[in-house]
Amino acid sequence: MQERIIQFLKESDGYISGEEMSQRLKMSRAAIWKYMQDLRADGYEIAAVPHLGYQLVACPDKLLSYEIQSGLNTKIIGKDIVVMDMAASTMDEAFRLGMEGCSEGTVVCAEAQSKGRGRLGRAWTSPKGKGLYFSFVLRPSLPLNQLAQLTLMSAVALAEAIEGVSDLKPLIKWPNDILLDGRKLAGILTELRAESDQVKFVVVGIGLNVNTSAHQLVPGAASLKVAADRGFDRVQVFQSILRSLEKWYVKLLGHEFVLVMEEWKMRSATLKKRVRITDPTGIIEGEAVDLDEDGALLIRKDNGLIIKKTAGDVFLLR
Ligand code: BTN
């Protein structure tokens with residue numbers, strides 16, 4: 001209901017009377033008044049003038065589930081959204097919900113994380129109220145060896161969404177870093193629960209530096225605010241990402257991974273570059289020439305041999 005009231009307030013040009021709201025929402029004026037109090041407690045500034053009614057003055061810079069869901073119009077990703085003030089890691093929360101049987105597309109986001117984690121055991125710095133830190137649960141019927149598709153699909157969706165809300169042109173560094181001018185703007189972490197080679201569910205976690213100031217960024221990182229020199233409405237950015245994730249996930253489910261790959265290649269910071277890849281098996285150097293049909297990176301070594309990499313850390317050399 002909060003969602004509908006906020007929508008009313010946002011759509012109304014000037015004041016909207018309690019009477020009109022009560023008729024259109026089919027509830028008493030006392031109930032409307034109570035909702036207004038709740039919204040104020042959530043940080044909304046709402047003016048109330050006798051004989052005129054209510055007017056929305058300012059929205060809080062907070063992630064509120066009904067704000068995120070208002071006008072979102074997705075069918076899978078974000079149908080259920082859990083918002084936390086603080087989480088150790090939204091990955092753990094999403095895993096818990098996944099184990100409890102939550103519906104596909106359930107999103108958990110947090111205003112801050114105390115133990116945000118990245119790939120390869122790294123930490124993900126998550127200052128309060130500055131970024132988007134969220135995880136979502138997917139239940140695709142993909143074999144284990146095709147799960148890289150989800151990471152590439154998420155990277156494409158994220159880059160596209162960022163471009164949709166800014167003038168920025170982010171690139172993707174294989175497999176899952178979103179870069180702006182060589183600096184890391186966002187990262188994606190994919191973890192899964194499998195039983196005897198069957199994927200039970202997958203949790204995809206995304207960390208995006210939105211309104212993070214320069215002094216709050218770790219070396220080599222970027223934020224939308226620093227790059228564009230203006231602040232961003234995090235809810236708007238979040239909605240754009242969720243819609244884009246849904247669009248690309250639906251393509252993937254429709255066996256159109258080839259479209260994901262085409263888009264990924266167009267946005268790639270890695271292909272046609274000389275790279276060095278490290279993983280537990282060692283280091284290899286060569287030219288990143290292509291992706292294979294599962295999303296693995298193909299590298300041509302100096303001796304001409306093509307090596308396929310499904311995981312690892314990429315350094316762009318030139
Ligand atoms: C990486 O680039 O190494 C991946 C970073 C992923 C960070 C996000 S923030 C939300 C979710 N919760 C976590 O603990 N990690 C992911």
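Points worth noting:
- Some residue of segment 99-109 being open to solvent by less than 30 Å² (accessible area, probe 1.4 Å), within 14 Å of the ligand (Cβ to nearest atom), aliphatic (A, V, I, L, M) and free of Cβ contacts under 8 Å to residues at least 40 places away in the same chain: yes
- Answer residue from segment 126-138, given it is more than 13 Å from T190 (Cα to Cα) and crowded, with 18+ Cβ neighbours inside 10 Å and is nearest to the ligand (Cβ to nearest atom) among those: Y133
- Selection count, segment 215-237, where residues are open to solvent by 70 Å² or more (accessible area, probe 1.4 Å) and part of a helix (DSSP H, G or I): 4
- Restricted to segment 113-125, and to residues there that are open to solvent by less than 60 Å² (accessible area, probe 1.4 Å) and either at pLDDT 95 or above or not in a helix (DSSP H, G or I) (or both), the residue that is farthest from the ligand (Cβ to nearest atom) is Q113.
- Taking the criterion of being open to solvent by 10 Å² or more (accessible area, probe 1.4 Å) and within 15 Å of the ligand (Cβ to nearest atom), the residues of segment 155-181 that qualify are L171, K173, P175, D177, L179, L180.
- M86 more than 22 Å from K200 (Cα to Cα) and either of a type in the set (G, A, S) or open to solvent by 60 Å² or more (accessible area, probe 1.4 Å) (or both): yes
- Residue match in segment 85-102 (condition: among the acidic types (D, E), in a strand (DSSP E or B), farther than 27 Å from V258 by Cβ and in contact with a Gly (Cβ under 6 Å, 6 or more places away or on another chain)): no
- Checking segment 66-77 against the condition returns no match, with no residue being within 16 Å of the ligand (Cβ to nearest atom), surrounded by 14 or more Cβ atoms within 10 Å (Cβ to Cβ), of a type outside the set (F, W, Y) and free of Cβ contacts under 8 Å to residues at least 12 places away in the same chain.
- Filter pass, V314 being in contact with a helix residue (DSSP H, G or I) (Cβ under 6 Å, 6 or more places away or on another chain), surrounded by 14 or more Cβ atoms within 10 Å (Cβ to Cβ), touching a residue at least 12 places away in the same chain (Cβ under 8 Å) and not in a loop (DSSP other than H, G, I, E, B): no
- Hits in segment 256-285 - residues which are among the polar types (S, T, N, Q) and open to solvent by less than 80 Å² (accessible area, probe 1.4 Å): S268, T270, T278
- Residue count for segment 43-57, restricted to those that are surrounded by 12 or more Cβ atoms within 10 Å (Cβ to Cβ) and outside any strand (DSSP E or B): 3
- R40 free of Cβ contacts under 8 Å to residues at least 60 places away in the same chain, assigned to a helix (DSSP H, G or I) and within 16 Å of the ligand (Cβ to nearest atom): no
- Some residue of segment 144-161 being touching an Asp or Glu at 6+ places or on another chain (Cβ under 6 Å), modelled with pLDDT of 95 or more and within 21 Å of D292 (Cβ to Cβ): yes
The values are calculated or read from the model by the stated rules, or taken from the named source; none is laboratory data. Owing to the predicted nature of the structure, the values given are computational and were not obtained by experimental measurement. Ideal geometry is used to build each Cβ from the backbone, glycine not excepted, and the neighbour counts take in all protein chains shown. Just the protein is used for accessible areas: all its heavy atoms, side chains included, with ligands, DNA and RNA removed. Shrake-Rupley method; radii C 1.70, N 1.55, O 1.52, S 1.80 Å.
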